[in-house]
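The values are calculated or read from the model by the stated rules, or taken from the named source; none is laboratory data. The structure presented is a predicted model; accordingly, all values stated were derived computationally and were not measured. Cβ atoms come from the backbone with ideal geometry, glycine included; neighbour counts cover every protein chain shown. What goes into the accessible areas is simple: the full protein's heavy atoms, side chains included, and nothing from ligands, DNA or RNA. Shrake-Rupley method; radii C 1.70, N 1.55, O 1.52, S 1.80 Å.
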Amino acid sequence: MIELLLPADVSTAATRAETVPDGALFPEEEALIAKSVAKRRNDFATARACARRAMAGLGLPPVPVLHGHRGRPLWPEGIVGTLTHCTGYRAAALARATDVLSLGIDAEPHGPLPTGVRELVTLPAERERIGPPAPEGMGEIHWDRILFSAKESVFKTWYPVTNVELDFTEADLTFHRTDTPSPGSGDGSPGPAAAEGTFTARLLLTDPALPTTLHGRWRVEDEIVVTAVLVRPDWRESEGI
């Protein structure tokens, strides 16, 4: 799914697999998760398997993907990239720094946020726009989950450029739906196969290295939410700055 949200000059790879064969990691990567529980090991390994497939898409040899502060992936010189993993979906997206300044992707299970989380990750204006939580199992779009995923993509785009952590309340998101809902489903439920659209994120914490508004895309398919944000190096020219 993630390839549907990003332009052709971004190399993507995704998998539904929960594990990879033994020996798929470099020794340096193995050292990072030597004491981790099985789920953490599987998330780490499957995401890096996707990363190396995305590297191949850019004509790059496979290399270890280590991590920095708060697990930020460390990419080869001249490459920008992002990883995501959730139960049932793992993905990577990489691009050359000459083409892309920064990008972020996120995947989440398509379901309502746990009780109490909605209020922690949303602003009052966002809650008003997305409406009350949708009932689970009714074919509805869970806008709170899409919003959570979109903010994760925003933060993954923001941090590598600014080296400043962004709080959930420091981005105000607005969503738009671009697919056609199935007959009789109203505005809230997806079509028979997928639902998709765009979003804008107005940053309440600003930095001169990035625009004050970021633009992204979202998609719901097969009970998974994926979101993506991308900023070009020439964003100042496109915004007339």
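A few points about this structure:
- Note on the chain: GNM, Cα springs under 10 Å; of VAL161, VAL100, VAL231, the largest mean-square fluctuation is that of VAL161.
- The apolar share of the surface of the chain, taken as the fraction of accessible area on carbon and sulfur atoms (1.4 Å probe, ligands and nucleic acids excluded), comes to 55 percent.
- DSSP-assigned coil residues among trypsin sites (Lys or Arg not before Pro) in the stretch 31-114, each with at most 13 further Cβ atoms within 10 Å: LYS35
- Using alpha carbons only, the radius of gyration of the stretch 59-101 set against its Kirkwood radius gives Rg/Rh = 0.98.
- Within the chain, helix-based [θ] at 222 nm, where runs of 4 or more DSSP H residues each add -39,500 (n - 2.57), nearest 500: -7500 deg cm²/dmol
- A 1.4 Å probe run over the protein chains yields, for the stretch 1-50, 54 Å² of accessible area per residue, whole-number rounding.
- Compared with the dominant principal axis of the Cα atoms in the chain, helix 143-162 is inclined by about 40°.
- GNM top mover of PRO64, PRO112, PRO132 - the chain, alpha-carbon springs below 10 Å: PRO132
- For the stretch 47-175, the dipole from Cβ point charges (+1 on Lys and Arg, -1 on Asp and Glu) about the Cα centre works out to 640 debye, to the nearest 20.
- Here the stretch 1-78 yields Rg over Rh of 0.96, to two decimals, using C-alpha coordinates and the Kirkwood radius.
- HIS176 accessible area, 1.4 Å probe, all protein chains in place, Å² to nearest 10: 90 Å²
- Measure of compaction for the stretch 21-62 (Cα Rg per 2.2 N^0.38 Å): 1.20
- Heavy-atom accessible area for SER11, with the other protein chains in place and a 1.4 Å probe, reaches approximately 20 Å².
- Nearest 10 degrees, 0 to 90: helix 38-57 Cα axis against the chain principal axis: 80 degrees
- Computed from point charges on the beta carbon alone (+1 for Lys and Arg, -1 for Asp and Glu), the dipole magnitude for the chain about its Cα centre is near 440 Debye.
- The orientation-averaged projection of the convex hull spanning the C-alpha atoms of the stretch 43-178 amounts to 9.5 square nanometres.
- Globularity index of the chain is 1.01 (Cα radius of gyration / 2.2 N^0.38 Å, N = number of residues).
- The listed residues GLU237, GLU196 rank as GLU237, GLU196 when sorted by accessible area, largest first, using a 1.4 Å probe.
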